[in-house]
1. How long are the three semi-axes of the equivalent ellipsoid of segment 205-314, in whole Å, if each is the root of 5 times an eigenvalue of the C-alpha gyration tensor, listed from largest down?
2. To check my understanding: the extent here is largest minus smallest coordinate of the Cα atoms along each principal axis. What are those three numbers for the chain, in Å, largest first?
3. Against the longest alpha carbon principal axis of the chain, how many degrees, from 0 to 90 and to the nearest 10, is the axis of helix 306-315 turned?
4. Whole-Hz ³J(HN,Hα) for each residue in segment 97-114, computed from phi via Karplus 6.51 cos²θ - 1.76 cosθ + 1.60 with θ = phi - 60°, x for glycine and proline: what do you get?
5. Roughly how many Å is it from the Cα centre of segment 238-263 to that of segment 1-69, as a whole number?
6. Go from 0 up to the bin containing the longest alpha carbon distance in segment 1-56, width 10 Å each, and give me the % of pairs per bin.
7. Ranking request for peptides 363-372, 237-246, 52-61: highest mean number of other beta-carbon atoms within 10 Å first, then the rest in descending order.
8. When all alpha-carbon pairs of segment 1-95 are counted, what percent fall beyond 24 Å?
Amino acid sequence: MDLGVIRPGDALLWGQACAEPQTLVEALLAERAALSGCRIFVGSSYSGLLRPEHADHLRFTSYCGTGANRALADAGVLDILPAPYSQLGALIRSRRLPCDVALLQVSPPNARGEYSLGLGVEYLAPALELARAVIAEVNDAVPWTHTQPLLRHDDFDLVIESSRAPVELRYGAPGELERRIADHAAQCVPEGATVECGIGALPNAILGALAGRRLDYHSGVICENVRLLDVKRCLGGALMGTRALFDWARENPAVTLASSDVTHGAATLARIERFVAINSAVEVDFTGQVNGEVARASYVGAVGGALDFIRAANQSPGGVSIIALPASRVVERLCGPVSVPRSEAGVFVTEHGAADLRGCTLAERERRMRSISGNS
């Protein structure tokens, strides 16, 4: 495959998770010796295509250590950008996070000749404003969804066609522990709320516990069990799930995929009432500090969008921040960095119940956190 629009030393980025353009990434890796020095910004990766040995000619940076990125981080070949997700657009526009070439996975065009970004927009939207070149993989297995922006053939400098299943994120059925946590968390979600949900098996299980409820959805990730909700409005940055989710989103007028400037932007979030942010964590301490990044000295998470959404939920009339995790991860002292400060502490949920830290002194916080840690 001719990737002639890419030059040695260029800065590249592409869609993450299910939006990864696999054929283009494979071609880039095969030609990496001729493109030595290229700098790659990668989001969460679950395809397994990127491996530590590819750092012989390429340089990798990411905001996260999720999925296959953990192996890159553990091998010392992944630089971590510990920035809130809401800042990615500004970093790209200021070229502090440069992008010379954007690699896209898009759907075939509709009858009006409009290509959809299909499974993810997020930081691709600001990158498209600045990239010198745009390479599109038109994959006929990608659903046409309502993305902002939609693209025309003239927007692409190079087009290749493919027919391959997008990357899927599958979570097994929740176990007894996850079901108990999910049930406690679901009880904290008010009627008519707008829900945000982070990535992972536990947040997805909580959505399952909310199945059938009339809720709006606003998040970075539209995960598998969103389709079980009775939603009128679903706004997200990317679809991350299985073919069943992709089919549900196909041409669905209730679903919009947008830039991270929109999904995580403070101005947008400030307009949402009864905003409920549901996230998980590596660990939390008795004062309400959250480590969402490092476990056993490995970078496995991210600063990501949790802090953006938690702050918005705390300011939203009728809103609430929920951090859900197993009781074994409630600790006296964190072993990793503080990703969310205790000043933003809301409700913490384990299999033993919920601890609402809002308005609590440090002494009362410790008492309440111990009660859900199983070590009271």
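1. 25, 17, 14
2. The Cα atoms of the chain stretch 63, 44, 37 Å along the principal axes, largest first.
3. The angle comes out at about 50 degrees.
4. 3J(HN,Hα) across segment 97-114, in whole Hz: 10, x, 8, 8, 9, 9, 9, 10, 10, 10, 7, x, x, 7, 5, 8, x, 9.
5. Using only Cα atoms to place each centre, the spacing works out to 24 Å.
6. With a bin width of 10 Å, the distribution comes to 22, 61, 17.
7. Output ranking for 363-372, 237-246, 52-61: 237-246, 363-372, 52-61.
8. Within segment 1-95, distances greater than 24 Å cover 17 percent of Cα pairs.
The values are calculated or read from the model by the stated rules, or taken from the named source; none is laboratory data. As the structure is a prediction and not an experimental result, all values here were calculated from the model. With ideal geometry, Cβ positions are generated from the backbone for all residues, glycine too; neighbour counts draw on all protein chains shown. The accessibility values were calculated without ligands, DNA or RNA, using every heavy atom of the protein model including side chains. Shrake-Rupley method; radii C 1.70, N 1.55, O 1.52, S 1.80 Å.
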